[in-house]
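Working notes, structure below.
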Amino acid sequence: MKTLRYFVAALLLLTFGLNRGSAQNLVANYLRTEYKVSPVTDVVAPRLSWELTSPERNQIQSAYQILVASSPEKLTEPSADLWNSEKVNSRATAQVVYAGKTLTSRQICYWKVRSWDKAGQPGAWSEVAHWEMGLLDKNEWRAQWIGLDPDTLGKGKIYQLPPAPYLRKEIKVKPGFRKARLYVTALGLYEFSLNGTKTGNDFLTPGWTDYDRRVYYQTYDVTSQIKSGTNVLTSQLSYGWYAGYLGYALLVKNPVVRAFYGKVPLLKAQLEVEYPDGHTETFATDKNWKASFGALLESDLMHGETYDARLEWPGWQKSGFDDRKWQKAEVYPDRPGRLVQTYPAPPVQITGTLTVQSQTRRPDGSYILDMGQNFAGTIRLRVQGKAGDTIRLRYGEKLFPDGQLMTENLRMARATDTYILKGDKNGEEWMPKFTYKGFQYIEISGLRAAPAPETIEGLVIGSELPRVGTFETDNAMVNQLYSNIEWTQRSNYIDIPTDCPQRDERMGWTADAHVYVKSATFNRDVSAFFTKWTVDLNDAQYENGAYPLYAPRPNLRKTDTYSPGWMEAGIICPYQVYRSYGDTRLIREGWVNMGHFMDFLEKRSNGTYFFTEATFKDLSPKGGFGDWLSFGKKTPPDMLASFYFAYCADMMAEMAGAIGESDDQKRFQEMGQKVRKALLDHYQASNGRFKTDTLPYGDGAGYVDGKLGFMAHTQTAYANAIYMDIVPPKSMPQMGKYLAELLRQNDGKLATGFLGTKPLLPALSATGHSGLAYDLFLSTEFPSWGFEVANGSTTIWERWDSYTKEDGFRYNAAMNSFNHYSFGAVCEWMFGNAAGIQELAPGYRHFRIRPEIDPKSGSDRINRLRAGYHSVSGPILSAWQKTSDGILMNVSVPVNTTAEVFVPADSAGQVVVDGQEALASPDIRVESQANGYLVLFVGSGNYEIVSKR
Ligand code: RAM
């Protein structure tokens with residue numbers, strides 16, 4: 001590499017030495033606590049974050065000051081009663097740990113921040129933000145678990161779907177209260193209402209955890225929802241993850257198919273009303289609540305709901321309702337040791353609505369409604385008719401060619417809702433709310449007339465994660481593909497990262513999650529979401545140290561344990577949260593768990609520091625899942641397991657460094673080297689090709705598609721070896737050559753599965769085969785991402801051949817999801833390579849913009865690309881377009897960050913920044929010229945860069 005230095009000293013002076021600062025230069029905004037805006041948290045020392053803007057380029061924060069007070073009025077330097085950080089010389093704008101007075105339950109903390117710029121000028125104070133402390137001690141829960149045992153009810157032939165309990169209690173609130181909070185949770189799912197109005201906008205609360213260990217609660221500010229005098233507290237419960245059906249347990253005939261954690265859904269709620277004199281009245285669930293079954297006859301996450309409106313209890317949410325026919329709620333003991341904690345992630349909510357795009361009448365009189373988009377969610381039904389009219393709703397992702405709804409791929413998920421009308425003259429409205437489906441089409445039957453436009457509204461459900469990414473090109477296929485990726489993420493990030501939203505599965509599969517996690521960060525802010533799921537992963541860790549196949553992990557099937565290539569999620573996901581958001585707390589909190597996992601790998605390798613063929617033959621499937629759903633000969637799972645071993649050791653070494661564990665850092669650095677040496681000695685031939693002994697794999701029985709035979713010389717092997725830095729740098733070109741060769745031998749088509757697809761394009765790009773990466777990316781021929789788009793998909797498929805013209809829906813009865821994000825991991829290459837946004841320091845404090853320009857031109861190629869990524873340090877933009885004589889780039893670099901911008905150019909003379917020659921531009925520094933790129937070092941600001949070549 002030839003590095004040129006251009007008058008660096010002079011430029012440095014011009015660029016970074018000048019004090020052009022004006023007062024109030026830096027403005028702090030988007031204040032967040034524990035990743036959220038004004039949250040309730042039970043983290044005793046919450047972390048504070050903000051973002052900076054400045055009218056000037058090249059700005060950094062040289063210092064900050066935070067004030068925290070018990071009221072907005074006290075938020076001044078002399079009177080901040082909780083914390084005055086004083087001026088801290090630091091560039092940190094995220095994860096700044098609160099270090100003031102010890103906080104107590106229910107405390108509301110107001111805060112603001114100001115920043116000093118590079119010239120030492122303080123900016124204005126930010127707007128005031130706040131957070132509230134949750135209940136820090138379990139003993140503060142006065143509420144008891146209450147419910148109603150339905151066990152003898154709802155036993156059908158296939159499904160046991162008991163009715164959902166209703167709970168109520170009237171209370172008297174004295175006049176003059178000033179604040180009211182509802183703390184509420186359930187074992188199962190709950191909806192809570194105050195005087196007939198739902199509290200909050202959340203769904204599927206309180207979320208899925210290992211309920212034996214912990215359950216989360218929600219906190220709602222209900223000050224404006226209560227009144228002095230009589231108030232009615234009501235709740236509906238459902239079975240959810242706690243007591244309902246889960247995964248494929250029914251399909252695989254597991255001895256337990258539902259009620260994995262408990263049989264009876266239970267509510268725990270307390271309303272705390274505070275008066276001006278400081279005293280509080282608490283109304284808590286106890287034996288004095290009344291309970292009944294009612295209109296909600298069946299309610300299950302996967303199987304759907306049945307609601308008979310004729311059985312409603314009119315006025316049950318109003319005061320004065322005659323509840324003499326209701327029973328006394330049953331009180332259930334708590335499980336000792338079960339933690340009750342604040343829900344740490346963004347809530348699951350309705351994140352959008354969809355309308356019916358077209359409808360067709362079926363021969364049997366039913367209608368098929370097309371929502372135009374495959375998604376996860378529920379519906380709102382509006383109907384008018386006679387009492388007893390029965391509307392049945394079935395959901396599917398695809399239609400058969402004859403227009404019939406295809407539901408085979410749902411397997412045992414009944415995914416059916418039924419509404420029985422009460423005959424209200426003014427019409428009736430219903431929303432199945434303790435269930436969701438993955439669907440694009442609805443089959444509706446039982447209507448008296450054709451559906452009107454308002455009959456069905458689609459309600460998109462998912463974790464409400466702030467959108468941070470945009471990706472747009474002049475290629476319609478690519479834009480649709482990006483939309484498909486985004487929708488697939490939305491459809492599957494529902495409290496936990498699931499594999500798919502439609503069939504009897506919806507589990508937090510670990511490989512799916514880890515191959516996609518980096519992609520996910522580009523689309524949505526997943527910081528708090530993965531903070532939660534990391535806890536789920538650690539809770540689900542096996543005693544021997546292995547992370548599970550899926551987290552949380554109910555016992556769905558006896559043989560479900562762990563698998564190489566899957567279990568590494570326990571390291572990869574927290575590592576990604578560290579890289580993307582600069583989060584070290586997650587590392588610290590999981591350090592023992594992660595270390596335990598590394599010990600497990602070490603032990604399993606039996607002192608050899610790699611995994612020889614068939615090491616994992618005790619697993620089911622034999623060897624683990626490997627490069628799941630790949631085409632052709634199988635990459636030996638043990639070789640991949642060895643790669644992951646080294647990769648995990650590297651991540652652990654880096655994370656150890658980040659939290660100052662220097663002994664561990666050394667240990668893992670050495671481990672990484674040992675593993676590399678051992679695995680290459682075994683799996684690499686002298687010509688650098690990967691090799692394996694196929695004998696131990698026999699006929700491949702037990703291994704998925706094992707009958708196709710095993711081979712170490714595969715696309716997946718080289719893609720991973722490059723991506724994980726398994727071989728020394730000098731061998732990289734050769735790895736790239738093999739990879740490119742294998743692709744050519746395969747008619748230029750990919751053959752990779754879950755583990756091979758994510759690294760495939762990044763590995764090609766990393767070894768100088770960017771053009772080949774583009775060809776794969778833009779292909780619309782089978783198998784490819786473009787093939788799915790060309791076949792009308794609006795989400796990413798589970799299999800490359802989920803549908804083909806020749807075979808139709810070949811795998812329906814087995815495994816055929818049309819909303820599965822694993823192969824959407826190409827998103828990582830789209831942002832990281834095509835747009836070229838790459839973090840160089842955790843939290844994008846320093847990053848690179850190194851766009852790879854599609855070398856070919858034409859209407860089926862990419863000639864213009866614009867990618868935005870709102871990082872934790874602020875908004876980044878990378879846009880490029882081909883011009884008649886070169887490239888035009890637009891780049892944005894957030895305040896307090898720096899970037900290396902790689903401009904496609906052969907010399908500095910070709911490059912003009914904001915109308916000025918790069919070399920003469922006062923705001924940038926020309927770093928080097930190599931490999932067809934001129935490298936500029938830039939500070940914050942927006943830049944227009946023209947390269948004429
Ligand atoms: C499938 C899941 C998931 C995959 C596992 C091995 O059933 O959908 O995507 O990780 O199996």
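Residue ranges 369-381, 390-402, 579-591 sort as 369-381, 579-591, 390-402 when ordered by packing (mean number of other C-beta atoms within 10 Å per residue, highest first). The HN-Hα couplings worked out from phi for segment 298-307 by the Karplus form 6.51 cos²θ - 1.76 cosθ + 1.60 (θ = phi - 60°) are 9, 7, 9, 3, 8, 8, x, 10, 10, 10 Hz, whole numbers, x standing for Gly and Pro. Do any GluC sites (Glu not before Pro) in segment 62-153 lie in a DSSP loop with no more than 16 other beta carbon atoms within 10 Å, and if so, which? Within segment 62-153, the qualifying GluC sites (Glu not before Pro) (loop, at most 16 other Cβ atoms within 10 Å) are 86, 127.
Candidate cross-link partners of residue 856 among the lysines, defined by an alpha-carbon separation under 27 Å and a same-chain spacing of 8 or more, comprise 2, 737, 749, 758, 882, 948. In order along segment 599-612, the phi-based Karplus estimate (6.51 cos²θ - 1.76 cosθ + 1.60, θ = phi - 60°) of 3J(HN,Hα) comes to 4, 4, 4, 4, 5, 4, 7, 6, x, 9, 6, 7, 10, 6 Hz; Gly and Pro are listed as x. Net charge dipole, segment 349-463: roughly 220 debye, given to the nearest 20, about the Cα centre with Cβ charges of +1 for Lys and Arg and -1 for Asp and Glu.
Checking the Cα-Cα distances for 398/707; 290/425; 622/707; 112/138 against a 21 Å cut-off, the pairs over it are 398/707; 290/425; 112/138. Listed by chain and number, the aspartates and glutamates whose alpha-carbon sits under 15 Å from that of residue 422, ignoring those within fewer than 8 places in the same chain, are 308, 312, 389. Among residues other than residue 473 with Cβ under 10 Å from its Cβ, the summed charge is 0 (Lys and Arg +1, Asp and Glu -1).
Selection among 283, 936, 236 by position relative to the dipole of the chain gives 283 as farthest towards the positive end (Cβ unit charges, Cα centre).
Taken about its Cα centre, the chain carries a charge dipole of about 760 debye when Lys and Arg each add +1 at the Cβ and Asp and Glu each add -1 at the Cβ. The residues packed around residue 349, meaning those with a beta-carbon under 10 Å from its beta-carbon, carry a net charge of -2 if Lys and Arg are +1 and Asp and Glu are -1. In terms of its alpha-carbon gyration tensor, segment 191-240 comes out prolate; a/c meets the 1.5 threshold, and the first ratio a/b outweighs b/c. Calculated [222 nm] ellipticity per residue, helices only, for the chain: -6000 deg cm²/dmol; basis is -39500 (n - 2.57) per DSSP H run with n ≥ 4, divided by all residues, nearest 500.
Trypsin sites (Lys or Arg not before Pro) within segment 185-219: which are DSSP loop residues with at most 16 other Cβ atoms inside 10 Å?
Working: sites: 198, 213, 214; in loops: 213.
Passing sites in segment 185-219 are 213.
Taken over the C-alpha atoms, the chain has Rg and Dmax values of 29.0, 89 angstrom.
Using only alpha-carbon positions in segment 473-573, the gyration tensor eigenvalues give semi-axes of 27, 14, 12 Å once each is multiplied by 5 and square-rooted (largest first).
Rounded to the nearest 20 Debye, what is the dipole magnitude of segment 614-750 about its Cα centre when Lys and Arg each give +1 and Asp and Glu each give -1 at the C-beta?
Details: 16 positive and 16 negative charges, 105 e Å.
Once rounded to the nearest 20, the dipole reads 500 debye.
Here the spin labels are modelled as points 7 Å beyond Cα on the Cα-Cβ line, and at residue 330 and residue 685 they lie 6.8 nm apart. Computed over Cα pairs, the Kirkwood radius of segment 349-463 leads via Stokes-Einstein (0.890 mPa s, 25 °C) to a diffusion coefficient of 171 µm² per second. The spacing between segment 341-361 and segment 241-277, judged by their C-alpha centroids, is 21 Å. Take each peptide in 560-572, 30-42, 328-340, count the other Cβ atoms within 10 Å of every residue, and average; sorted highest first, the result is 560-572, 30-42, 328-340.
Highest mean first, what order results for 342-348, 880-886, 191-197, 161-167 on Cβ atoms within 10 Å?
Details: 342-348: 22.3, 880-886: 15.4, 191-197: 17.3, 161-167: 25.1.
Order by mean packing, descending: 161-167, 342-348, 191-197, 880-886.
Listed by chain and number, the aspartates and glutamates placed with their C-alpha closer than 15 angstrom to that of residue 118 are 56, 923; residues fewer than eight positions away on the same chain are left out.
When the square roots of the Cα gyration tensor eigenvalues are ordered a ≥ b ≥ c, the ratio a/c for segment 591-724 is 1.5 or more and a/b exceeds b/c, which makes its shape prolate. Taking a ≥ b ≥ c as the square roots of the eigenvalues of the alpha-carbon gyration tensor, segment 115-267 is classed oblate because a/c is 1.5 or more while a/b is no larger than b/c. If you take the Cα centroid of segment 409-432 and the Cα centroid of segment 78-134, the two points sit 50 Å apart.
Taking a sphere under 15 Å around the Cβ of residue 51 and counting the other residues whose Cβ falls inside, with K and R at +1 and D and E at -1, yields a net charge of +4.
The HN-Hα couplings worked out from phi for segment 681-691 by the Karplus form 6.51 cos²θ - 1.76 cosθ + 1.60 (θ = phi - 60°) are 3, 8, 9, 10, 7, 5, 7, x, 6, 7, 9 Hz, whole numbers, x standing for Gly and Pro.
Every number in this text was worked out from the coordinates using simple rules, so none of it is lab data. It should be emphasised that the depicted structure is a prediction, and the values quoted were computed from it without experimental measurement. For neighbour counting, all protein chains shown are included, and Cβ atoms are generated from backbone atoms with ideal geometry for every residue, glycine included.
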